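The values are calculated or read from the model by the stated rules, or taken from the named source; none is laboratory data. Just so it is clear, the structure is predicted and the values come from calculations on it, not from any experiment. Cβ coordinates were reconstructed from backbone atoms using ideal geometry, including for glycine residues, and neighbour counts include every protein chain displayed. Please note that ligands, DNA and RNA were not included when accessible areas were found on the heavy atoms of the full protein model with its side chains. Shrake-Rupley method; radii C 1.70, N 1.55, O 1.52, S 1.80 Å.
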Amino acid sequence: MAAAIADAGGEAVDNAIVARGSRNALVSTGLHAAAWACFNVTYVLSGNGTGAMLTAANALGVAMVFTGIASWMLLSEWMSSVASVRSGQGMEVPGRGWIWFSWLIPIVDLFSPAKTMSRLAQGSISRSLLLAWWLPWLLATVLVYARDDALDPTEPALISAAAIVVSWFALQRIIRQVASAAATSSSVV
């Protein structure tokens with residue numbers, strides 16, 4: 001009886017950690033998406049000139065870097081907490097180190113975070129929702145570099161801005177659904 005109560009208490013703590021991590025991941029990724037989109041739009045509006053718009057674009061570029069780091073940290077931490085809950089449910093999940101650093105390894109970062117999210121979701125999200133998050137993310141990332149090489153950076157910058165917003169809306173649905181599924185599964189087990 002005492003073991004069952006301790007297990008229930010541990011599950012409640014795990015669920016609270018996942019819920020708090022969900023909020024942190026949602027806010028940080030939302031701020032990053034907003035900084036990214038605003039940077040690209042401001043970049044286009046600044047043209048090749050100088051002045052206030054270029055200063056704003058530079059400031060948003062710095063904000064994009066800091067919000068990107070915070071997003072990576074908080075989303076990775078959330079994914080790690082979901083992995084911990086899923087592991088406690090007897091599911092095979094990637095290790096904490098892999099969850100964190102797969103985002104940083106060239107080439108691996110093109111597919112591993114999406115694959116990890118799919119494994120953490122354990123059927124609680126559709127493949128189309130996963131692709132609605134990951135493909136726009138990849139497109140937005142590639143277009144950051146294409147914008148720098150383009151003769152007219154307007155189109156890649158605006159498409160990148162739109163893609164990152166679409167990606168974030170899909171990600172926020174994924175975070176909510178995965179957190180809900182992890183909490184429901186742990187209360188059933």
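Below are the figures for this structure:
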quantity: So T116, is it under 13 Å from the mean Cα position of the chain (by Cα), among the polar types (S, T, N, Q) and open to solvent by less than 70 Å² (accessible area, probe 1.4 Å); calculated: yes
quantity: Filtered residue count, the stretch 16-47, keeping only those that are part of a helix (DSSP H, G or I) and modelled with pLDDT under 75; calculated: 0
quantity: Selected residue (criterion: least open to solvent (accessible area, probe 1.4 Å)) from residues of the stretch 119-129 that are small (G, A, S) and part of a loop (DSSP other than H, G, I, E, B); calculated: S124
quantity: Pairs where the first residue, in the stretch 85-110, is under 20 Å from L139 (Cβ atoms) and the second is polar (S, T, N, Q), C-beta under 7 Å, 6+ apart; calculated: S102/S112; S102/T116; W103/S76; V108/S102; D109/S102
quantity: Residue within the stretch 52-60 that is in a helix (DSSP H, G or I), in contact with a Gly (Cβ under 6 Å, 6 or more places away or on another chain) and not β-branched (V, I, T) present; calculated: no
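Here is a yes/no grid of residues against (1) in a loop (DSSP other than H, G, I, E, B); (2) at pLDDT 95 or above; (3) open to solvent by less than 30 Å² (accessible area, probe 1.4 Å):
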residue	(1), (2), (3)
G90	yes, no, no
I99	no, yes, yes
P106	yes, no, no
L131	no, yes, no
W134	no, yes, yes
L151	yes, no, no
S160	no, no, yes
